[in-house]
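Reviewing the structure listed below.
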Amino acid sequence: MEAVTFGVLGAVTAGRGPDVLALKGPRHRAVLARLILARRRVVPVARLVEDLWEAPPPRAVGAVRTFVGDLRRALEPDRPSRAPARLLVTEGPGYALRAAPDAVDAWRFEAAVTEADRLPAAQAPERLRAALGEWRGPAYAEFGTEDWARGERSRLTELRLRAVERRAELLVELGRAAEAVPDLDAHLTEHPWREESWRLLALALYRTGRQADALAVLRRARALLAGRLGIDPGPRLRRLEAGILAQDPDLDPPGEPADAAARLWARTTEAYDRTVAAGARARLESTVGLLCGLAVTGGGGLEAAREHRMTAVQAAEETGDAELTARVIGAYDVPANWTRGDDPELARRIVAAAERTLAALPQDPTADTARCRLLATVALESRGVRSPRGPRAAAEAEEIARRLDDPALLAFALNGVFMQSCTRAGLAPRRDAIGAELTALGARHGLVNHEVLGHLIRLQARAALADLTAADAHARAVDRLAERYERPLVGVFTAWYRALREAVSADAPGGSADAPGGSADSAEAAYRSAAARLDGAGMPGLERGLLPLALLGLRLARGRPARVDPRADWGPYRPWAEPFALLAEGRDTEARGALRALPEPPPDLLYEALCCAEAAAALGLGDRPALRRTYDRLLPAAGELAGAGSGLLTFGPVDGWLAAIRRALDA
């Protein structure tokens, strides 16, 4: 059964999935609202009586107990009559609502606003937009006159107003002033006393070339403030007006806004157009160098690199020069540590171009470097694809690079070998050795990007091997390198690793999944925080489906029933979620069919995790063929933490899954 969610940013509601729960009368909703406001703390019955009635009736305490009983039946309709409540609980002198951290819209809103403060500036506006979308009306709408709600209503409202202004401020600072104007205009219609909003609206208009409109806004602000409040505009508004009149250069848009990668690309290509003939060889090769630089910046840079990479390859192929084409394809040696591609169609086209170029290269030693880079490209771009070609290309590239004794070439080739090191379970030791060599190569020869890659690979491998002390050390090392050399994408992976650490702590003996603020709650919060960092990171191959899969692993690792939201974006992992969704609906026959239709998991870093998901469904259905299949696949990873080889999530110890499968097969 889906979890109950609660809404207080508007009318007070409770729901399960798309269904709104019937809460009877206004005092029932008042009790629920008062308990939500207490944030999982106990509210004594005496306080509830005091808050619900100005002059309590003689049987007020009994009435409160009746309201609580009615609410419990609505919130947990399937709870046996004498079983203790798990959501609206009795404790000490009163009651508490033990809602999950993400079950109340106001709590989600606050967490998202806090999260946005920690995100890179380019990602924060979208997080704030999503947070503001939680609001349906005034907080605790029907209880606006109640003393017990007044303070919380004011606090949440002020937080909302500041979030609107903070989002607008970020958009203006990021060079996206035009996006801020409509929301600020609507915001000021309801809240005309917000001087900061007037300032931001005027500045946004000025930065979009609307100087007259900006001055008109400031005059309107002056008139409203004087007419309604009897005060003059503050110093910030006065300074802005003077600056606009003087066309102060300090008010001009920032030089590098959020689309800096696109602007950098445009400026660079314009310079090439002035100095180099279009399509010339020098431009093609230099273009790829620019793309490599853009890719490691993350976000817009990574997306811009993907967008323009194939264009450069096509232009090189049109010259008919196989060696030039090989250099253009092979120059894109951006390190990669995630074994699922962001754009499968682009990867397929790059591999096809590399294979055509390999066939056209002269068969002599002078072309060995180009051949090695093409083979490494095939290995990298074939990631997550079950085919003998990827591993074979990786092995050939490594052999050539070692023979040529070229450190940079070997680092590129080893990245390809790493991408092809997930063909079955239990290969973490092999990946650890690859990471160790890359780390040493990078440090010895100044190959910073590959030194970073080596630490990330070792973080993943040591986590898989349950050596979290070593994984922690690699996380610290890679964070230091990322800060020193400005590699923002690294923080995405280390944030997920910290969430993985929380999940491992949640799985430790003695943890309580239902304890308030317990480790399971903190692990889920850490996963959600890490997932927010993926917004705008430019890595859809990593982002899609990762959060729901991580949360599924968190539940299954603790022996709790799977809870699958079929509406979530499961991305490529949906086939492994489908049996659980069908089981929850009581459609066992269809669930069995979905289980038997599962393919072998793709050869990537989540191989063991998906095997465990399949095993969990097979255990639930008692499907012996599926149990034997998953047992055989997981056995080589005995002693490891399932899924932790990703460095992102875990389904718990593989040994526990193997033991559970053996018990089921022996029964």
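The values are calculated or read from the model by the stated rules, or taken from the named source; none is laboratory data. Note that the structure is a prediction, hence the values are computed from the model and not measured. As a convention, Cβ positions derive from the backbone with ideal geometry for all residues, glycine included, and neighbour counts pool all protein chains shown. The protein model used for the area step is the full one, side chains on, heavy atoms only, and it has no ligands, DNA or RNA in it. Shrake-Rupley method; radii C 1.70, N 1.55, O 1.52, S 1.80 Å.
Output needed: percent of Cα pairs per 5 Å distance bin for region 354-422, bins running from 0 to the one holding the longest distance.
Each 5 Å bin holds this share of Cα pairs: 3, 22, 31, 23, 15, 5, 1.
Heavy atoms only, probe 1.4 angstrom, no DNA, RNA or ligands counted: give me Glu317, Glu179 ranked by accessible area, highest first. The partial results should precede the final answer.
Working: Glu317 60, Glu179 85 Å².
I get Glu179, Glu317, largest accessible area first.
How far is it, in nm, from the label point at Arg430 to the one at Glu486 when both lie 7 Å from their Cα along the line to the Cβ?
In this crude label model, Arg430 to Glu486 measures out at 3.9 nm.
I want to check the label-to-label distance for Met310 and Asp250. Put each point 7 Å from Cα in the C-beta direction and report it in nm to one decimal.
4.8 nm
Using only DSSP helix segments of four residues or longer, with each worth -39500 (n - 2.57), what per-residue ellipticity at 222 nm results for the chain after dividing by its residue count and rounding to 500? List each step's numbers first, then the result.
On the way: 30 runs with 417 residues, N = 667.
Result for the chain: -20000 deg cm²/dmol, rounded to the nearest 500.
Got the relative contact order for the chain handy, in percent, Cα pairs under 8 Å and 6 or more residues apart?
Details: 1011 pairs, mean separation 61.2, N = 667.
Relative contact order, the chain: 9 percent.
Using only the Cα atoms of region 548-590, what semi-axes does the equivalent ellipsoid have when each is the square root of 5 times a gyration tensor eigenvalue? Give whole Å, largest first. Please list the in-between numbers first.
Working: eigenvalues 52, 39, 12 Å².
The three semi-axes for region 548-590 are 16, 14, 8 Å.
Can you list the trypsin sites (Lys or Arg not before Pro) in region 581-619 that are in a DSSP coil and have 14 or fewer other beta carbons within 10 angstrom? Spell out each step's value before the answer.
Values: sites: Arg587, Arg592, Arg596; in loops: Arg587.
Taking region 581-619 and a limit of 14 other Cβ atoms within 10 Å, the loop trypsin sites (Lys or Arg not before Pro) found are Arg587.
If you wrap region 580-625's Cα atoms in a convex hull and average its projection over all directions, what's the area in nm²?
Numbers: hull surface 12.6 nm².
Answer in nm², one decimal: 3.1.
Using alpha carbon coordinates only, what is the Rg to Rh ratio of the chain, with Rh defined as the Kirkwood radius? Mind dumping the intermediate values first?
Details: Rg = 29.1 Å, Rh = 28.3 Å.
We get a ratio of 1.03 for the chain.
Taking θ as phi - 60°, what are the ³J(HN,Hα) couplings along region 455-465 by the Karplus curve (6.51, -1.76, 1.60), each to the nearest whole Hz, with x for Gly and Pro?
With coefficients 6.51, -1.76 and 1.60, one gets 5, 5, 5, 5, 4, 4, 5, 5, 5, 4, 7 Hz.
What FRET efficiency comes out for the pair Asp213/Ala22, r = Cβ-Cβ distance, R0 = 35 Å, nearest 0.05?
On the way: r = 50 Å, r/R0 = 1.42.
That pair, Asp213 with Ala22, gives E of 0.10.
What's the extension gain from Arg498 to Ala367 if we count 0.36 nm per residue and subtract their Cα-Cα distance? Kindly include the intermediate steps, with their values, before the conclusion.
Values: separation 131, 0.36 × 131 = 47.16 nm, distance 4.44 nm.
This chain segment gains 42.7 nm when fully extended.
As an exercise, identify the trypsin sites (Lys or Arg not before Pro) in region 335-402 lying in DSSP coil whose Cβ has no more than 15 other Cβ atoms within 10 Å. Please list the in-between numbers first.
On the way: sites: Arg340, Arg348, Arg349, Arg356, Arg371, Arg373, Arg383, Arg386, Arg389, Arg392, Arg402; in loops: Arg340, Arg383, Arg386.
Filter output for region 335-402: Arg386.
Considering only protein heavy atoms, with the full assembly of protein chains and a 1.4 angstrom probe, order Thr311, Thr339 by accessible area, largest first. Intermediate values should be presented prior to the final figure.
Values: Thr311 80, Thr339 0 Å².
Ranking Thr311, Thr339 by accessible area, largest first, yields Thr311, Thr339.
Run the quick spin-label model on Arg348 and Glu126: label points 7 Å from Cα toward the beta carbon, then report their separation in nm to one decimal.
Reported label-point gap for Arg348 and Glu126 is 2.5 nm.
Glu2: net charge of surrounding residues, Cβ under 14 Å, Lys/Arg +1, Asp/Glu -1, itself excluded?
Details: positive: Arg16, Arg555, Arg563, Arg567; negative: Asp19, Glu76, Asp78, Asp102, Asp565, Glu585.
Charge balance in the 14 Å sphere: -2.
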